[in-house]
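The values are calculated or read from the model by the stated rules, or taken from the named source; none is laboratory data. This structure is a prediction, so every number in the text was calculated from the model and none was measured. Using ideal geometry, Cβ is built from the backbone for each residue, glycine included, and neighbour counts are taken over all protein chains shown.
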Amino acid sequence: LFTRMGLLRIATATAAVIFSCTIFLSGGIIGTFHHLYFTGTPTPVLALGAVFSALEVVPLVLIGFEAYENLTLSRATRWVQSYKWPIYFFVAVAFWNLVGAGLFGFLINPPIALYYMQGLNTTPVHGHTALFGVYGMLGIGLMLFCLKGLATRNVWKTNVLAFSFWSINIGLALMVLISVLPVGLMQTWASVDSGLWYARSAEFLQTDLMETLRWMRVIGDTIFAVGVVALGWFVLGLKTGWSLTEEVDRIGELATESAS
C-alpha cells in the first residue's frame, strides 16, 4: 500500500517483505508445535515448540518499530493526511500483534505455563487480542483505504471515525485487562495450587469475586460495540453523504492519481 502511495520504493518494500516472511515462516511454522504439547507427541516436538514459540516474540518486537514507522509515514506529506485513519488502523495492527500475539502469546506458550493454563481464560486473552486486534484492525484499515480511493471527491468528516477507532481499541483493551485477564490469572493460580479440575470447576468460577470480574467485561464490551456501531454509521454516511463535507478533497485526488 505504501508503495502504491509513493511513500516507499518498490525495492525497499520487496526486501522488507522477504525479510519479514523469512523470519515469520522459519520460526512460526515450528513455533506452532506449542499446539501439540501433551498430546502424545515425542519430547523433541515439545522442545522445538518451546524454543521457537519463545523466539516468535523477537520478530514481533520489530513490529513495534513498524508501528512507529507507519505513524511517521502518516505525517510525512500533506496528502497522506487524507489516509490518516486507515494508517492509524494499521498502527493498531502492529500494536496488537506485539501485545496480543507477542506478549499474551508468550504468556501461555512455554510448556510449563501451558501445562497449568490450558483451557483457562488466559487462552481467550491471547485469542481476542491476537485475532481481532490483528486481523480485525487490518480488515478495517484495508476497507477504509479502499473506500478512500473510491470516494475521494469530498473531504471526510472524521469525528465519528476517530471516535470509532478509539472506542474499538479501548473497548478491546478493557475487556481483556479488567475481566478476562484477571479471571485467567486467578484460574492459573488455582490450577497450580489445587489442580486444573478445580480452576475449571463451578465451585471456583461461581464465587462472588469471579462473578464480579465476569460482569466487569460488560464495560469493555459495551465500549467496543459502540465503536463498531459508529464505524458502521460512518461507512453508511459515505453513501448517504453525512460523513462527507462539501469541500472537494483535491489532496486525496492527487493521492489516488499517484497510487494508480
>> Between 138, 213, 177, 181, which is of a type outside the set (S, T, N, Q), in a helix (DSSP H, G or I) and exposed (fewer than 15 other Cβ atoms within 10 Å of the Cβ)?
In response: 177
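Which of the residues spanning region 184-199 are among the hydroxyl-bearing types (Ser, Thr, Tyr) and surrounded by 21 or more Cβ atoms within 10 Å (Cβ to Cβ)?
Scanning region 184-199 gives a single hit, 191.
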>> Just the residues that are surrounded by 14 or more Cβ atoms within 10 Å (Cβ to Cβ), out of contact with any Leu (no Cβ under 7 Å at 6 or more places or on another chain) and hydroxyl-bearing (Ser, Thr, Tyr), please, taken from region 1-40.
In response: 3, 20
>> Checking residue 123 against (1) closer than 30 Å to residue 239 by Cα; (2) touching a helix residue (DSSP H, G or I) at 6+ places or on another chain (Cβ under 8 Å); (3) at pLDDT below 95: exactly one of these is not met. Which one?
In response: (1)
> Is it the case that residue 133 is closer than 28 Å to residue 51 by Cβ, in contact (Cβ under 8 Å) with a residue 24 or more places away in the chain and of a type in the set (Gly, Ala, Ser)?
Replying inline: yes
> Which residues, counting only those in region 74-105, are over 19 Å from residue 158 (Cα atoms), surrounded by fewer than 20 Cβ atoms within 10 Å (Cβ to Cβ) and modelled with pLDDT under 85?
Replying inline: 76
> If you scan region 143-191, which residues turn out to be within 16 Å of the chain's Cα centre (by Cα) and more than 30 Å from residue 212 (Cα to Cα)?
Replying inline: 143
>> Looking only at region 216-246, how many residues end up being surrounded by fewer than 17 Cβ atoms within 10 Å (Cβ to Cβ), touching a residue at least 40 places away in the same chain (Cβ under 8 Å) and of a type in the set (S, T, N, Q)?
In response: 2
>> So, residue 171, is that one without any contact (Cβ under 8 Å) to a residue 60 or more places away in the chain, assigned to a helix (DSSP H, G or I) and surrounded by 20 or more Cβ atoms within 10 Å (Cβ to Cβ) or not?
In response: yes
> Can you tell me which residues in region 109-127 are at negative phi and either acidic (Asp, Glu) or surrounded by fewer than 20 Cβ atoms within 10 Å (Cβ to Cβ) (or both)?
Replying inline: 110, 111, 112, 113, 115, 116, 118, 123, 124, 127
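Report whether or not residue 106 is out of contact with any Gly (no Cβ under 9 Å at 6 or more places or on another chain), of a type in the set (Phe, Trp, Tyr), in a helix (DSSP H, G or I) and in contact (Cβ under 8 Å) with a residue 60 or more places away in the chain.
The answer is no for residue 106.
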